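One structure is given here, and the rest of the page talks about it.
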């Protein structure tokens, strides 16, 4: 091993290698590793598609080594080559600290630049996390994670900023499609399987070069949002616990820590009316140090949610709820005092440099976080043979045929049949060769199954795919989707659907990114809940080439009055729900709810 530093020698104990590297690091190196910035899927030497400086500049000028990939590449090879280019830039520095790439979920239909990336053309497509929960299958969740792990490894992504294990006890909250639903036991069980799948078959109790680290979010549970608003905006910053269910929301995080999660992301929200200070969770020492570090014995990396220090301009100010009055440097100090290790979506390293040089943050405290961040890079093999990926192989792995087939099978299995005609005359599966009027579905998806006609009046069956109600404020750009408002359809959309129901037997499929108020539509020939199933697999199930196997991972409220009466933090708290958690029919049956105990077993 002549000519190599001890920290580059995989035969040397990791802690000794970290000690050696820490001794060689300048202050700028230590500061830079605590920053984790966004990057687009573009040439890292140039500004990305959002106008931000290229990642190469951050590596050279600010000694940063963690980047969060936004956007879907045209092909897997493109992202693999970007990753390798960044690693070559990192090697320009004598220490050569490798780059770690992270990502939000990117295997389903959701495409919001600050919450998830669509699978696009490159990655295999699976149902949303809420759909995986509808399958109730730990085996399927672990299979998904194992597939995603291999696809991530092929392009150089080594950290998944997921699973999202918030509990959807507030039906209006717009982030629930990325969760496993309302039940703490089910969420914890599926979340643990998710973590195991990303860790890989060789991991045992530690990460290896074949692992992808997971960053569960949003500690200590982001679901109980006051009035269902989201803390990406100041009017949604309050998390409330009128039912006293703080511990209920915490339980899934205990489960994923036991399963081996090595990172954690606190949410933007701040607890209101609890024993904890009313400041955002990342700034909250009694939560991060008191609960996570001391009580739960978590010694992994804590990375803030993105943009809590500086924000992103006039329309997206810093989400420093409860500490808005602090300067940006003061916020950095406060985060480190709370127990945070890394600043998500930030690149202004001068704040931490100033705090250390001014004696407000000791270098010993800095070293605590640097050590955690370096340890993970070592365990993932980034200092050794896993620094570069084989770009020529990326397209052969990502979106591999068996991966895509498994994703489609999961899409089908997640479909949840809510109603289906009557006991003696079920609507589904439909008869091949019928005349079908369609809305919200690609007519070509019916090829070989039905004849698509131009009007409902000439059809034997209507098939309509809609989303849950969305009353978003367009003035809030793409983030407006996080403030969707009422769960009731607009009068215009409701009346249109009722007209169809009165004209022809109508199958209505609803994309459940939130639980809609469906009682006005109960007269439909069949109601289906879907969670990210493409049109062709959906049609195949309609005609019996596959079975809707899903069970609801949450309650479906009967009315908005019941939602308004319920407590934001309390599970299964809406009065007399239309469909209960665990409901899901099999073909040929319009009754036979699974009980809540059966659904979570």
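The values are calculated or read from the model by the stated rules, or taken from the named source; none is laboratory data. This structure is a prediction, so every number in the text was calculated from the model and none was measured. A quick note on method: Cβ atoms are made from the backbone with ideal geometry, for glycine too, and the neighbour counts reach across all protein chains shown.
Of all the strands (runs of 3 or more DSSP E) wholly in the stretch 194-286, which have at least 1 residues that are under 27 Å from residue 384 (Cβ atoms) and touching a residue at least 24 places away in the same chain (Cβ under 8 Å)? Give the steps one after another, and end with the answer.
Numbers: elements: 217-219, 238-240, 263-266, 270-272.
Once the strands (runs of 3 or more DSSP E) in the stretch 194-286 are filtered for at least 1 residues that are under 27 Å from residue 384 (Cβ atoms) and touching a residue at least 24 places away in the same chain (Cβ under 8 Å), what remains is 263-266.
For the stretch 122-165, give me the residue count where each residue is more than 16 Å from residue 404 (Cβ to Cβ) and at pLDDT below 95.
So the count comes out to 0.
Which condition number does residue 423 fail, the rest of (1) outside any helix (DSSP H, G or I); (2) within 30 Å of residue 585 (Cα to Cα); (3) modelled with pLDDT of 95 or more being met?
In the conditions (1) outside any helix (DSSP H, G or I); (2) within 30 Å of residue 585 (Cα to Cα); (3) modelled with pLDDT of 95 or more, residue 423 misses (3) alone.
Quick one: how many residues across the stretch 445-469 are touching a residue at least 60 places away in the same chain (Cβ under 8 Å) and in a helix (DSSP H, G or I)?
Counting residues in the stretch 445-469 that are touching a residue at least 60 places away in the same chain (Cβ under 8 Å) and in a helix (DSSP H, G or I) gives 2.
Picking from 267, 248, 312, 241, which residue would you name as being assigned by TED's automatic domain parsing to the domain that holds residue 219 and at pLDDT below 95?
312
Among 340, 332, which is the only one that is crowded, with 21+ Cβ neighbours inside 10 Å, closer than 25 Å to residue 272 by Cβ, assigned by TED's automatic domain parsing to the domain that holds residue 159 and free of Cβ contacts under 8 Å to residues at least 40 places away in the same chain?
332
When you check residue 547 against the structure, is it under 24 Å from residue 414 (Cα atoms), part of a helix (DSSP H, G or I) and not assigned by TED's automatic domain parsing to the domain that holds residue 119, yes or no?
Working: under 24 Å from residue 414 (Cα atoms): yes; part of a helix (DSSP H, G or I): no; not assigned by TED's automatic domain parsing to the domain that holds residue 119: yes.
So residue 547 fails the test.
Considering only residues that are part of a strand (DSSP E or B) and surrounded by 19 or more Cβ atoms within 10 Å (Cβ to Cβ), look in the stretch 82-121 and name the one that is modelled with the lowest pLDDT.
116
Taking residue 502 as the residue in question, decide whether it is in contact with a strand residue (DSSP E or B) (Cβ under 8 Å, 6 or more places away or on another chain), closer than 25 Å to residue 443 by Cα and surrounded by fewer than 19 Cβ atoms within 10 Å (Cβ to Cβ).
Against the criterion (in contact with a strand residue (DSSP E or B) (Cβ under 8 Å, 6 or more places away or on another chain), closer than 25 Å to residue 443 by Cα and surrounded by fewer than 19 Cβ atoms within 10 Å (Cβ to Cβ)), residue 502 does not qualify.
Considering only the stretch 54-67, state which residues are over 16 Å from residue 158 (Cα atoms) and either outside any loop (DSSP other than H, G, I, E, B) or without any contact (Cβ under 8 Å) to a residue 60 or more places away in the chain (or both).
54, 55, 56, 57, 58, 59, 60, 61, 62
Would the stretch 368-388 turn up any residue that is surrounded by fewer than 18 Cβ atoms within 10 Å (Cβ to Cβ), assigned to a loop (DSSP other than H, G, I, E, B) and without any contact (Cβ under 8 Å) to a residue 24 or more places away in the chain?
Checked the stretch 368-388: no residue is surrounded by fewer than 18 Cβ atoms within 10 Å (Cβ to Cβ), assigned to a loop (DSSP other than H, G, I, E, B) and without any contact (Cβ under 8 Å) to a residue 24 or more places away in the chain.
Pick from the stretch 11-53 the residues that are part of a loop (DSSP other than H, G, I, E, B) and touching a strand residue (DSSP E or B) at 6+ places or on another chain (Cβ under 7 Å): which of them is surrounded by the most Cβ atoms within 10 Å (Cβ to Cβ)?
Only one residue fits best here, namely 34.
For the stretch 70-90, give me each residue that is in contact (Cβ under 8 Å) with a residue 40 or more places away in the chain and in contact with a helix residue (DSSP H, G or I) (Cβ under 7 Å, 6 or more places away or on another chain).
Answer for the stretch 70-90, where residues must be in contact (Cβ under 8 Å) with a residue 40 or more places away in the chain and in contact with a helix residue (DSSP H, G or I) (Cβ under 7 Å, 6 or more places away or on another chain): 73, 75, 76, 77, 79, 80, 81, 83, 84, 86, 89.
Can you go through 481, 530 and tell me which one is in contact with a helix residue (DSSP H, G or I) (Cβ under 8 Å, 6 or more places away or on another chain), under 28 Å from residue 118 (Cβ atoms) and either modelled with pLDDT of 95 or more or surrounded by fewer than 21 Cβ atoms within 10 Å (Cβ to Cβ) (or both)?
The match here is 530.
Among the candidates 494, 431, which residue alone is in a helix (DSSP H, G or I), surrounded by fewer than 20 Cβ atoms within 10 Å (Cβ to Cβ) and either assigned by TED's automatic domain parsing to the domain that holds residue 539 or touching a strand residue (DSSP E or B) at 6+ places or on another chain (Cβ under 6 Å) (or both)?
Result of the check over 494, 431: 494.
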